[in-house]
Structures are given as structure tokens and as C-alpha cells.
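Input: a single structure, listed below in C-alpha cells.
The values are calculated or read from the model by the stated rules, or taken from the named source; none is laboratory data. The structure displayed is predicted, hence computed values, not measured ones. No Cβ is skipped: glycine too gets one built from the backbone with ideal geometry, and neighbour counts run over all protein chains shown. We work out accessible area using only protein heavy atoms, side chains counted, and drop any ligands, DNA or RNA first. Shrake-Rupley method; radii C 1.70, N 1.55, O 1.52, S 1.80 Å.
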Amino acid sequence: MADLSTNIQFIRGIGPQKAKALGKLGITTLQDLIAYLPRRYEDRRALRHIADLQNGETACVAAMVASPPTLAHIRKGMDLIKVRAVDETGALDVTFFNQTWLKTSLRQGETYIFCGRAEGNLLHRQMASPIVELAGRREQTGRIVPIYPLTAGVSQLVLFRSIRQGLDACADILPDVLPDDIRRAHHLCRIGYAYENIHFPESAEALDIARRRLAFEELFLFSIGLKRLRSRREVVSVPPCQEVDMGGFFGALPFTLTDAQRRCVEEALQDMRSGTPMNRLCQGDVGSGKTMVAAACVYFMVKNGRQAALMAPTEILARQHYGGLAPLMEQLGIRCALLTGSTSAKTKRSVLQQLSSGEIDFAIGTHALLTGSVEFADLGLVVTDEQHRFGVAQRAALAAKGSHPHMLVMSATPIPRTLALILYGDLDVSIIDQLPPGRKPVETYAVPGSYRPRIYAFLDKLMAEGRQAYIVCPMVEESDDAAADDRKAVTAYAEKLQEEVFPHRSVAFVHGKMKPREKEAVMAAFAAGKTDILVSTTVIEVGVDVPNAAVMVIENAERFGLSQLHQLRGRVGRGQHQSYCILISDNRNEETRERLKVMTKTTDGFRIAEEDLRLRGPGDFFGERQHGLPGLKIADLGCGTDLLREAQQAAEELLSQDPNLTTCPATAVRVEALFTQNANTLN
Ligand code: ADP
Ligand code: MG
């Protein structure tokens with residue numbers, strides 16, 4: 001009998017060949033297989049009459065094949081099958097490309113379900129390349145059908161046949177990781193029912209029940225994992241830091257800290273004086289001045305006679321921090337060094353030597369700080385910037401370079417308080433909820449695509465005044481290789497803009513398929529003012545500071561979550577110039593327009609995050625990129641904040657009764673797996 005760790009090639013009906021194909025989706029064990037979730041569902045229960053089909057709609061019809069299919073070779077490598085099908089209301093001409101086997105498998109007189117996009121008119125209805133299956137088979141039609149993310153060589157059909165086999169193979173052996181009393185107390189279905197219906201829902205209600213159960217389970221395991229991480233950390237004790245007169249530091253700043261910054265500094269210093277390692281998240285909107293909070297902590301640590309390190313996710317950010325902080329720090333007698341992937345071997349040798357001897361107090365850098373050859377004499381504080389780019393494991397790797405150093409994590413992603421607790425369950429949270437005085441809010445407009453000529457004219461005027469612009473180009477939706485399509489979209493958009501609209505300006509582009517070095521070179525040129533317009537996908541989302549960029553144009557704004565729009569908008573309004581954000585969308589949907597309107601009304605990231613949570617549910621906040629913790633799969637499919645709270649509460653109750661999970665070994669095993677598995681996926 002199989003267990004969940006069985007390799008899928010041994011499952012009846014799968015075999016080595018399919019197993020190999022599925023391997024490309026990361027599916028190797030039975031557990032992987034049944035946990036591979038649909039991206040969405042299509043309700044293909046309703047059957048339509050041919051005569052009622054509207055041009056352009058996607059629908060299913062039951063129709064009889066009226067004459068034998070014909071096969072034509074259109075050109076090399078392109079075969080066309082044509083078949084006429086009829087129901088009692090009309091006829092439908094169906095075509096298939098390169099599916100020659102249908103010539104013999106579609107039999108005259110037999111009724112099939114055809115599911116696809118209807119075209120043509122009353123006189124001549126057609127469907128090209130529909131899904132087709134024998135009426136009554138109810139595999140790909142006649143029910144709510146799961147749609148899985150695919151890769152080359154694995155079709156929907158292969159996937160859901162394999163998953164069917166997988167579910168049958170483990171129907172009786174699925175361990176339930178939810179203790180039975182918790183499951184019942186929260187009105188959740190059994191695990192078998194949940195997996196069956198998340199893949200092959202009997203009804204929309206059954207799907208909801210399955211989803212709720214699996215989302216709860218996921219949030220529950222996640223909460224337990226985080227709470228255990230936290231309790232493990234609390235037992236460590238370290239020598240408390242000494243009081244430091246911070247006057248020297250504050251006096252050296254060209255401005256006074258805001259009250260919010262001061263509060264965050266005080267909270268962090270308090271942690272470091274406490275005798276247990278600080279593990280604090282400092283969350284503040286873009287431009288709220290997180291760097292100075294970090295700098296205050298560095299000053300404090302160095303005055304305590306120990307070293308500090310600041311890790312940024314990209315070379316350009318590391319350089320920016322170094323450029324901004326080193327002069328201030330050196331002036332205060334703190335010796336600084338920059339260490340990145342492109343630091344020359346010679347400089348690197350001397351930096352490494354000085355770090356290990358303690359001659360350097362403060363190291364700023366990228367992942368390069370994590371490499372094995374980097375040793376610190378006495379690392380007391382680790383700061384990571386733009387935290388959602390680093391995994392928990394990377395923070396841990398840097399921490400391992402000292403003996404329980406204090407950790408300060410900085411994030412510009414505002415997370416509603418209700419979610420912060422679970423997402424950052426292993427961290428204490430400080431919030432900078434105030435911007436330095438004198439900032440001009442970014443003026444934001446939501447407009448339809450017909451405004452493009454006016455927008456371009458406006459950009460040109462700003463560029464004539466010396467400003468620069470970002471344009472976030474339309475994203476490609478739902479495709480098997482979205483990154484490659486994004487690349488095409490970005491390059492095409494940028495070329496067109498350069499040639500047809502701004503021949504007299506310099507247009508650059510950046511996209512996710514570029515090598516990190518290429519990307520950074522483009523960003524650096526933009527930061528240096530060498531290009532006027534930067535067209536990109538959302539890769540520019542993170543932390544780069546180009547104060548001269550005064551306008552952000554976002555195409556297809558409706559496709560972004562509010563928080564993401566807010567992040568993008570945060571790229572401008574960083575200098576003394578009035579800045580603008582223009583959201584372009586032709587979507588007339590009421591909800592979309594309401595969302596975009598929120599953006600034009602407020603620049604408060606926390607309010608926007610709360611609004612996003614209200615409008616879209618917490619799924620978005622769980623995208624792995626945002627927090628670097630184990631990715632939540634099911635919760636992504638949408639669940640309410642209430643469920644989150646329930647799951648958290650249940651986790652707390654269980655741990656308070658049974659901190660070591662001795663009464664529920666299946667739960668313990670899964671929590672362990674969740675966190676060790678993800679320790680390796682550094683994002
Ligand atoms: P972020 O929180 O986005 O990392 P930064 O730390 O980069 O923000 O700060 C943004 C800008 O605001 C910097 O130019 C910084 O020097 C400036 N700044 C920070 N704190 C203050 C303050 N209290 N008063 C005035 N300007 C400040
Ligand atoms: Mg910053």
C-alpha cells in the first residue's frame with residue numbers, strides 16, 4: 001500500500017514517463033501530486049443550444065457528429081480536421097489543428113460535448129479547437145473543471161488524470177493534520193473530502209467547504225510553525241547592551257527625527273538592552289525614513305564596542321546605502337566598508353581581513369555578506385533592508401556570522417495589523433506611521449487609455465524640465481511562460497515609445513528575464529540620469545531611490561492590487577519635485593474603479609493596505625515575495641480575515657495545551673516539513 005511519500009511513478013496509471021513529465025512541475029511524491037492545486041476552475045456544467053451561442057462566448061454544447069471528419073494538410077506541419085456537428089437547434093462547424101487522431105476517434109452519429117469559443121453568426125456557427133469528449137464522460141466537461149498551472153509537455157488532461165489516480169491511491173491513508181476536536185470545533189470537513197473537492201468539486205458549495213478546510217489547515221500549520229520559532233528564540237540570552245548617549249548621533253543629522261522614527265529607535269534600543277536577541281521588524285511606508293532608524297541602531301551597537309552589518313537585496317541599493325550612510329558614520333568615527341558581488345578581489349581581501357580583525361565597525365552590502373569567507377570579529381547587529389526580498393533562511397545565514405546578533409528587518413510593505421501578526425509571527429513589529437515634514441504627496445490620477453497622447457505630452461514637458469519617468473508596461477495575463485511574454489511586451493512597448501513618441505528622448509527598459517547584472521546596469525544608468533524613461537515590468541518595485549524621477553505611469557492598472565500600486569507609486573515623490581502617478585485603465589468595472597479611486601484619494605500605505613484587504617481578502621499579502629516565509633497556497637485562493645483569526649487562535653490553544661505536539665504527531669511532522677522545505681527556497 002502506498003503512503004504519501006511514494007514516488008508517483010509507482011502509482012497505478014502514472015508510470016515512469018508521466019512521472020518524468022510531472023517532475024517538471026516539481027511533483028515527485030504522492031503528497032506533491034495531491035497538493036498540486038488548480039489555479040482556477042471553469043464551470044462547464046451548463047449545456048447550451050447551438051442556436052443560442054453568441055459570437056465570442058465560451059460555452060459547451062452537446063452535438064452529434066453529422067458526417068465523417070475531413071483532414072486537410074494546410075501546409076507543412078499544419079493539419080486541419082473539420083467536422084460538422086448538430087443538435088436540434090442548428091449546426092456547428094468545428095475545426096482542430098494538428099489533432100489528426102480525431103479523424104478516426106470522432107465517430108459519425110455519436111454525441112460529444114464541445115467546449116470552446118463560439119464564433120460566426122446565425123447562418124454559420126463555428127468553434128476552433130474546442131475541448132471535446134464523449135457526452136456523459138464528465139471528465140473535462142459536465143462539471144466544475146479544475147484548471148492547473150502547466151508546463152511544456154504536461155497537459156490539463158494528463159494532470160487531472162494523474163491527480164485522479166493519486167487521490168484514488170491515497171483515499172484511505174491520508175493523515176489528517178488537524179486534530180479531530182479542532183476540526184469539529186471549527187466546522188471543517190475531513191481531509192479526504194477536502195482534497196477530493198478541491199480537485200474535483202461536486203458543486204460550488206463543496207468547493208467552498210474544501211477550500212475553507214484547506215486554507216484553515218494551512219494557516220493553522222503556519223501559525224504553529226511561527227509560534228514555535230518564536231518560542232525557541234526566546235530562550236536564548238545574550239549580554240545586554242549598555243546605555244549610549246545618542247546625542248552625538250542625533251546632533252550629526254541634517255534634520256530632526258520624526259516622533260515615529262524616535263519611537264522605533266527607542267523600541268529597538270530597548271530590545272538590545274534587554275538581554276535577549278532583538279528580532280524586530282521596522283515597517284514604514286516608502287520615504288518614511290527607515291534608514292535613519294537603522295543608522296541609529298548601528299551607532300548604538302558600535303558604541304557598545306561591537307560590529308554591525310546592513311544587507312540590501314541589490315547591488316544598487318547597497319551602494320545607495322553606502323553613499324548615504326558612510327559619510328555620516330565616518331564623521332562619527334565609525335569605520336565603514338562596502339561589500340558586494342562586484343567588489344574587486346583586492347579590496348575584498350582587505351575588507352574581509354578588517355572585518356575579522358574588527359577594524360571595520362559597519363559593513364554594508366548584498367548577499368556577498370553571506371558568503372563563507374566573510375567573518376566578523378564580533379557581529380552584534382544585523383539589519384536587512386526591503387525585507388520581503390530575503391527569505392527567513394538568509395536572515396538566519398547572516399545571523400550565524402555572529403553569536404545571536406540582534407536583528408532588525410526593514411520593510412516598506414505596509415501590512416494591516418491583523419495580518420502582521422501571522423506574517424511576522426516570529427518578529428516584534430515597530431511601525432513608522434508618519435512621513436518627514438514637507439513632503440509633497442504624489443498627485444495621482446486614474447484615466448482611460450484614450451488619454452495616452454495627453455499623458456505623453458505631459459511626460460515630455462516634465463522631461464524638458466529635466467525630470468525622468470517610469471512606465472510600467474501592461475502585464476501579460478495567464479500564460480504558460482509569463483516571464484517570456486512580459487519580456488516581449490516590455491521590449492515592444494519601449495521600442496514603439498522610442499521610435500514613435502519620444503525619438504528625442506532616451507528610453508530604456510528592464511524586465512524579469514534579464515540577468516541581474518544587466519538589470520542593475522539599466523537601473524544604474526537611470527539612477528545616474530543617463531536615460532529619461534524607464535519602461536519595465538514590476539521588477540522596479542523594490543527600493544531604488546531616484547529622486548529626479550517625478551512621474552510613474554502604470555498601464556493596465558486594474559491588474560494590480562492596491563498595495564502593489566502603492567509600492568510602485570512610491571518610486572516617485574522622493575525628491576523635492578512635485579511628482580505624479582498616472583493609472584491607466586480602460587476597465588469600466590465598478591469595483592475596479594472604486595479601487596483605483598482609493599489610490600487617487602490617499603497616499604497612506606496602511607490605509608491602502610487595509611482597503612486592499614477589505615476588497616481582495618488576504619491572499620495577496622501571502623505572495624511569497626512579500627514576506628519571504630513559506631508560501632501559502634490555499635490561502636492564496638482567497639479566504640477571509642476571520643478564518644485567519646480562527647486558525648491563529650486554534651494554533652495558540654493547541655500549543656498552550658501541548659507545546660511539543662505530542663498528542664498530534666501528524667501535525668508536528670507537517671509543521672516541521674513546511675519550515676525545513678522552505679528554508680532552502682531563498683527568494
Ligand atoms: P525609506 O523609509 O523609504 O527607506 P529613507 O530612509 O530612504 O526612506 O528616507 C527617505 C528620505 O527622507 C531620505 O532622503 C532621508 O534622508 C530623508 N529623511 C529621513 N528622515 C527624515 C526626517 N526626520 N526629516 C527629514 N528628512 C528625513
Ligand atoms: Mg529604504
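State the number of residues belonging to the stretch 143-160 that are open to solvent by 30 Å² or more (accessible area, probe 1.4 Å) and either under 20 Å from residue 45 (Cβ atoms) or part of a loop (DSSP other than H, G, I, E, B) (or both).
Qualifying residue count for the region: 7.
Restricting to the stretch 295-316, name every residue that is open to solvent by 10 Å² or more (accessible area, probe 1.4 Å) and within 16 Å of ligand 2 (Cβ to nearest atom).
Matches in the stretch 295-316: 313, 314, 315, 316.
Looking at (1) modelled with pLDDT under 95; (2) farther than 28 Å from residue 225 by Cβ, which is the one condition that is false for residue 367?
Residue 367 satisfies all of (1) modelled with pLDDT under 95; (2) farther than 28 Å from residue 225 by Cβ except (2).
Which of the residues belonging to the stretch 253-268 are open to solvent by 50 Å² or more (accessible area, probe 1.4 Å) and either part of a helix (DSSP H, G or I) or within 15 Å of ligand 2 (Cβ to nearest atom) (or both)?
Once the filter is applied, which keeps residues that are open to solvent by 50 Å² or more (accessible area, probe 1.4 Å) and either part of a helix (DSSP H, G or I) or within 15 Å of ligand 2 (Cβ to nearest atom) (or both), the stretch 253-268 yields 259, 262, 263, 266, 267.
Identify all residues within the stretch 269-289 that are in contact with a helix residue (DSSP H, G or I) (Cβ under 8 Å, 6 or more places away or on another chain), within 11 Å of ligand 2 (Cβ to nearest atom) and assigned to a loop (DSSP other than H, G, I, E, B); write none if there are none.
Scanning the stretch 269-289 gives 285, 286, 288, 289.
Can you tell me which of 81, 113 is open to solvent by less than 70 Å² (accessible area, probe 1.4 Å) and either closer than 30 Å to residue 206 by Cα or of a type in the set (Gly, Ala, Ser) (or both)?
113
I'm told residue 22 meets every condition in (1) open to solvent by 20 Å² or more (accessible area, probe 1.4 Å); (2) in contact with a strand residue (DSSP E or B) (Cβ under 9 Å, 6 or more places away or on another chain); (3) in contact (Cβ under 8 Å) with a residue 60 or more places away in the chain except one. Can you identify the failing condition by its number?
(1)
Condition check: open to solvent by less than 40 Å² (accessible area, probe 1.4 Å), modelled with pLDDT of 95 or more and within 16 Å of ligand 2 (Cβ to nearest atom). Does residue 292 satisfy that?
Judged against the criteria, residue 292 is a match.
Out of (1) within 16 Å of ligand 1 (Cβ to nearest atom); (2) open to solvent by 20 Å² or more (accessible area, probe 1.4 Å), the odd one out for residue 344 is which?
Condition not satisfied by residue 344: (1).
Among (1) assigned to a helix (DSSP H, G or I); (2) more than 26 Å from the chain's Cα centre (by Cα); (3) under 28 Å from residue 19 (Cβ atoms), which single condition is residue 194 missing?
Of (1) assigned to a helix (DSSP H, G or I); (2) more than 26 Å from the chain's Cα centre (by Cα); (3) under 28 Å from residue 19 (Cβ atoms), only one is false for residue 194: (2).
Looking at the stretch 269-289 only, could you name the residues that are within 11 Å of ligand 1 (Cβ to nearest atom) and open to solvent by less than 10 Å² (accessible area, probe 1.4 Å)? Reasoning before the result, please.
Within the stretch 269-289, the subset within 11 Å of ligand 1 (Cβ to nearest atom) is 282-289.
Matches in the stretch 269-289: 282, 283, 284, 288.
What are the pairs with Cβ atoms under 6 angstrom where one residue, in the stretch 543-567, is part of a loop (DSSP other than H, G, I, E, B) and the other, located anywhere, is within 13 Å of ligand 1 (Cβ to nearest atom) and not small (Gly, Ala, Ser)? Sequence gap at least six, or different chains.
Taking only residues 6 or more apart or on different chains, the pairs are 543/317; 543/386; 545/320; 545/574; 547/574.
What do you reckon, is residue 597 open to solvent by 50 Å² or more (accessible area, probe 1.4 Å), part of a helix (DSSP H, G or I) and away from ligand 1 (no atom under 16 Å from the Cβ)?
Criteria met by residue 597.
Among 520, 499, 495, 558, which is the only one that is assigned by TED's automatic domain parsing to the domain that holds residue 472 and either surrounded by 21 or more Cβ atoms within 10 Å (Cβ to Cβ) or under 28 Å from residue 366 (Cβ atoms) (or both)? Spell out the reasoning first.
Values: 499 fails: either surrounded by 21 or more Cβ atoms within 10 Å (Cβ to Cβ) or under 28 Å from residue 366 (Cβ atoms) (or both); 495 fails: either surrounded by 21 or more Cβ atoms within 10 Å (Cβ to Cβ) or under 28 Å from residue 366 (Cβ atoms) (or both); 558 fails: either surrounded by 21 or more Cβ atoms within 10 Å (Cβ to Cβ) or under 28 Å from residue 366 (Cβ atoms) (or both).
Matching residue, one of 520, 499, 495, 558: 520.
Is at least one residue of the stretch 200-208 touching a helix residue (DSSP H, G or I) at 6+ places or on another chain (Cβ under 7 Å), within 23 Å of residue 655 (Cβ to Cβ) and assigned to a helix (DSSP H, G or I)? Can you show your working first?
Start the filter on the stretch 200-208 by keeping residues that are touching a helix residue (DSSP H, G or I) at 6+ places or on another chain (Cβ under 7 Å), which leaves 201, 206-207.
When the remaining residues are screened for being within 23 Å of residue 655 (Cβ to Cβ), the result is none.
Taking every residue of the stretch 200-208 in turn, none turns out to be touching a helix residue (DSSP H, G or I) at 6+ places or on another chain (Cβ under 7 Å), within 23 Å of residue 655 (Cβ to Cβ) and assigned to a helix (DSSP H, G or I).
Would you check which residues across the stretch 571-594 are closer than 13 Å to residue 558 by Cβ and open to solvent by 50 Å² or more (accessible area, probe 1.4 Å) and list them?
Result: 586, 587, 588, 589, 590, 591, 593, 594.
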